[in-house]
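Colleague: Take this structure first; my questions come after.
Coordinate-derived values only; no laboratory data. The structure displayed is predicted, hence computed values, not measured ones. Quick reminder, even Gly has a Cβ in these numbers, built from the backbone with ideal geometry, and neighbours come from all protein chains shown.
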Amino acid sequence: MEVSDVPAVPEWLPGHLDADGVESLYPPQAAAVEAGVTEGESLVASIPTASGKTLIATLAMLSAVKRGGKALYIVPLRALASEKKAEFEQFEQYGVDVGVSTGNYDSDGEWLAKKDIIVATSEKVDSLVRNGAPWLAQLDCVVSDEVHLVDDPTRGPTLEVTLAKLRSRNPGLQIVALSATIGNAGELADWLDAELVDSSWRPIDLRKGVHFGQALHFDDGTQEQLSVQGNEKPTAAIVRDTLRDTVEDGETVEEGGSTLVFVNSRRNAEAAARRLANVVSPELDGDELAALADVADEIRDVSDTETSDDLADAVEKGAAFHHAGLSPGHRELVEAAFRDRLVKCVCATPTLAAGVNTPSRRVVVRDWRRYSGDAGGMQPLSVLEVHQMMGRAGRPGMDPYGEALLLASSHDELDELFERYVWADPDPVQSKLAAEPAMRTHLLATVASGFADSRETLLSFLDGTLYAAQTDEQGRLERVTDDMLAYLERNDFIERTREGDAERLTATNLGHTVSRLYLDPMSAATIIDGIADADDPSALGLYHLVSRTPDMYQLYLRSGEREQYTQIAYDHETELLGAQPSEFEESRFEDWLAALKTARLLDDWASETDEDRITDRYGVGPGDIRGKVDTAEWLLGAAESLAGERGFGNVQAIREAKKRVQYGVREELIDLADVRNVGRKRARRLYEAGIEDRDQLRNADKSVVLAALRGRERTAETVLEHAGHPNPEMAGVTPDPDAEPVAATDASNSGESADENDQSSLGDF
């Protein structure tokens, strides 16, 4: 089908696509159009990676905008939201307004009402529903990207309930669900009352196979020799082979490509990248090495941590690692350099396979087992996960083919990998809504947001979920619902009243607050119990309290740390909020200590301890710190609201603890750090120069400010402007030598040195 033949789209779109080199549609795209995706028909598209899912979504959304409606694009990850927004902004030249929203869960996103296309995570959309965003009623089209993630125990229930609520609120709403190839795509289509496009077509060939011995064994029965030299690992041999051009009769017939290597842990990703960097670097020319050196410098500027240095060292040689412990800045630089073919090899954990656009010539699934705490050992990855990784092989328009390889160490394993993954049918997706944490959260939100006002209407709403469509266990949904309603009533989140023969469910004021704050009700109950009698809680006590909630992902206790943190618990017993469990309550006490370790990390950050020291002390990456800080800030903000709701007298203490963790500063720097572009390190330097708060900064001697900020005129001007200084310009100003920072700023035993020119990666707020 030619793009000019696509019905019901804006008249400018065919010309725009043609200018982009898109003259005709891929077969799955054409099938979607024939199924009515541009005419308001709901659709489930279950097709491989790189087969054109985004264009299907684009056609649906732009046709909805043409009809005068509004479109919503739901993504699973914040990083993917930014990527898609940038992609859709190309249409702003035609008057299509695009917005993105991923945070601030207690807002109705009023500013989004003026946007034609909105990109948001499923959690953000759920929060918008809870907060009664009126513009949601104007939605004409909702695209759910990576909809197979309804199978994910963490994100899945939110996506499932959100889609059910949007469909309930907007009868006739067009749902376009995009998915990897899954085993029960028809079941998803039935649930969403949608047409189905189920295709295995790809724009370039993908060969799947297994490396064993000295050869690549492919799914089409062919073999190719790939020798492993000496003690060389198979992964190294594959990376080297992929890099090298194919030469015939003295002419290059195929340029070398890149390799994406999936491993099962962060440590393995970093170790593999270090080793493979030595394989890649001899294959690079001078221009490539120079460009990589620039990228490495940018990586070092992101964060002054050992992780940042290790990543930069690998990137200088053309390799990189990618995992959740990296900061967003690190991940973005690695992904961009890989897409630009500067970085030739990326070693990643499976998180990279979940939607981020990073295809490569070859994909190597080195580790097909992963440790599972629930199983108590190594467990095989699911077929869906491995197929998602394999689907990253082959860049349309850049690679002549894609190859996805697993590694076998024996003939038996060779056979097993073919049976388990290469020839296996895709996994079906299964709802995870029945899990207790998901049910108590979403039941409260459903009542509080007005979707149900009785047990009967609640069950009727739940009957529209995927879980209800899939379960054949009579009565289970009712039992789980009744258990969760009883919990919510005991904790004063809902009330049951009788109106004649009918029972009515209503959310209490507290229940509305908890739903609006996007809290797990158990988190709210834990926080309220902890702060109820705490007149003057310490920052550590509050950090420990929020770290005990289900909404905080706790740090693990490493070997030998139980005794250490047990002693810390007894040393700070009077500060910790709530009843401490007995050491004989093994599981509860272990959780208590893990929360204390998490709280100590937050307290170190809020005491201005250097980021590198924190990563070393707790065995985490910069991205982990970022995640803990963001979550703690959100939970402490919720605690502040709950304290106000209940009339507690500790609101100010909670607010101060929140500010300290937000900016990573001690108490005396809160006001300074609150000035935009100041952050933790600049605030400390200004304070040591005698400028102790915003008012003093607003009226400060410019020469003192310039000296405190190490002579950086542009930075000084920006800081003074945001502080409200009447004349922030630095022309002709010279630094006051008496106000220059001392050789070592040690207000917090941070280990910061005087030659640091940048803010901490987490402190530049």
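Colleague: Under a cut-off of 12 Å between alpha-carbon atoms, report the aspartates and glutamates in cross-link reach of LYS124, not counting same-chain residues fewer than 8 places apart.
Modeller: Those aspartates and glutamates meeting the cut-off are ASP106, ASP108.
Colleague: For the chain, what is the relative contact order in percent, using Cα pairs closer than 8 Å and at least 6 residues apart in sequence?
Modeller: Working: 1393 pairs, mean separation 75.1, N = 765.
Over the chain, the number comes to 10 percent.
Colleague: I'd like the GluC sites (Glu not before Pro) in segment 436-478 restricted to DSSP loop residues with at most 10 other Cβ atoms within 10 Å, sorted by number.
Modeller: Counting only loop positions with at most 10 other Cβ atoms within 10 Å, the GluC sites (Glu not before Pro) in segment 436-478 are GLU473.
Colleague: For the chain, list the DSSP H helices whose alpha carbon atoms reach 24 Å or more along the long axis and whose average Kyte-Doolittle value is 0.0 or above?
Modeller: 286-302
Colleague: Share of Cα-Cα pairs in segment 286-334 beyond 16 Å, in percent?
Modeller: 26 percent
Colleague: Sort 27-37, 585-595 by packing, meaning the average of other beta carbons within 10 Å per residue, with the highest value first.
Modeller: Numbers: 27-37: 21.5, 585-595: 16.3.
Ranked by mean Cβ neighbours within 10 Å, highest first: 27-37, 585-595.
Colleague: Still on this structure, I have one more. For the modelled label position 7 Å from the Cα of ALA86 along Cα-to-Cβ, which residues of segment 37-52 have backbone nitrogen atoms closer than 12 Å?
Modeller: No residue qualifies, since no backbone N sits under 12 Å from the label point.
Colleague: Starting with the fewest neighbours, write out SER308, SER24 ranked by other beta-carbon atoms found within 10 Å of each beta-carbon.
Modeller: Exposure proxy ranking, most exposed first: SER24, SER308.
Colleague: Going by the alpha-carbon gyration tensor, a ≥ b ≥ c the square roots of its eigenvalues, is segment 213-320 rounded (a/c under 1.5) or, if a/c is not under 1.5, prolate (a/b greater than b/c) versus oblate?
Modeller: The shape class here is oblate.
Colleague: Here's something else I'd like to know. Find how much the distance from ARG339 to ARG479 grows on full extension, using 0.36 nm per residue of separation minus their present alpha carbon separation; answer in nm with one decimal.
Modeller: Contour length minus the Cα-Cα distance gives 45.4 nm.
Colleague: Using only the Cα atoms of segment 521-664, what are the Rg and Dmax in Å?
Modeller: Expressed in Å, the Cα Rg and Dmax of segment 521-664 come to 14.2, 42.
Colleague: How far is it, in nm, from the label point at ALA271 to the one at ARG676 when both lie 7 Å from their Cα along the line to the Cβ?
Modeller: My value for the distance between the label points is 4.6 nm.
Colleague: Report, for the chain, the % of DSSP beta bridges that are antiparallel, rounded to 5.
Modeller: Around 30 percent of the beta bridges assigned by DSSP in the chain are antiparallel ones.
Colleague: Sticking with this one: At a Förster distance of 35 Å, what's the computed FRET efficiency of ASP193 paired with THR566, Cβ-Cβ distance as r, to 0.05?
Modeller: The value I calculate is 0.05.
Colleague: Further question on the same structure: In what sequence, highest mean first, do 269-282, 309-322 appear when ranked by Cβ atoms within 10 angstrom?
Modeller: Ranked by mean Cβ neighbours within 10 Å, highest first: 309-322, 269-282.
Colleague: Sorting check: for 667-674, 441-448, 38-45, which peptide has the highest mean count of neighbouring beta carbons within 10 Å, and how do the rest follow?
Modeller: 441-448, 38-45, 667-674
Colleague: Show the residues, 5+ positions off or on another chain, whose built amide H is closer than 5 Å to the amide H of ALA177.
Modeller: LEU43, VAL44, ALA45, SER144
Colleague: For GLU503 and THR351, FRET efficiency with R0 = 30 Å and r from the beta-carbon atoms, rounded to 0.05? Provide the component values of the computation, followed by the final result.
Modeller: Values: r = 45 Å, r/R0 = 1.49.
That pair, THR351 with GLU503, gives E of 0.10.
Colleague: While we're on this one: Divide, for segment 31-112, the radius of gyration over alpha carbons by 2.2 N^0.38 Å, where N is the residue count.
Modeller: Details: Rg = 13.7 Å, N = 82, 2.2 N^0.38 = 11.7 Å.
Output field value: 1.17.
Colleague: Quote the relative contact order of segment 521-664 in percent (integer), defining contacts as alpha-carbon pairs under 8 Å separated by 6+ residues.
Modeller: That works out to 33 percent.
Colleague: Something else about it: Using a ≥ b ≥ c from the Cα gyration tensor of segment 3-198 (square roots of the eigenvalues), is it rounded, prolate or oblate, where a/c under 1.5 gives rounded and otherwise the larger of a/b and b/c decides, a/b for prolate?
Modeller: Working: a/c = 1.59, a/b = 1.17, b/c = 1.36.
Taking the square roots of the gyration eigenvalues as a ≥ b ≥ c, segment 3-198 is oblate.
Colleague: Using helices alone, I'd like the mean residue ellipticity at 222 nm for the chain: each DSSP H run of four-plus residues gives -39500 (n - 2.57), total over residue count, nearest 500. Each step should come with its number before you reach the end.
Modeller: Values: 31 runs with 334 residues, N = 765.
The per-residue figure over the chain is -13000 deg cm²/dmol.
Colleague: Please arrange TYR543, TYR553 by counting, for each residue, the other beta carbons lying within 10 Å of its beta carbon, fewest first.
Modeller: Least crowded to most crowded, the residues run TYR553, TYR543.
Colleague: For the residues CYS347, CYS141, what sequence is obtained by ranking on other C-beta atoms within 10 Å, fewest first?
Modeller: CYS141, CYS347
Colleague: Another question, then. Return a whole-number percent for the relative contact order of segment 605-754, with Cα pairs under 8 Å and 6 or more residues apart as the contact set.
Modeller: For segment 605-754, the relative contact order is 21 percent.
Colleague: Using the Karplus curve 6.51 cos²θ - 1.76 cosθ + 1.60 with θ = phi - 60°, what ³J(HN,Hα) values do you get for each residue of segment 208-219, in whole Hz, with x for Gly and Pro?
Modeller: 10, x, 9, 8, 8, x, 10, 8, 9, 9, 9, 5
Colleague: Also: In cubic angstrom, how much convex hull volume per residue do the alpha carbon atoms of segment 409-487 span?
Modeller: So the per-residue Cα hull volume is 141 Å³.
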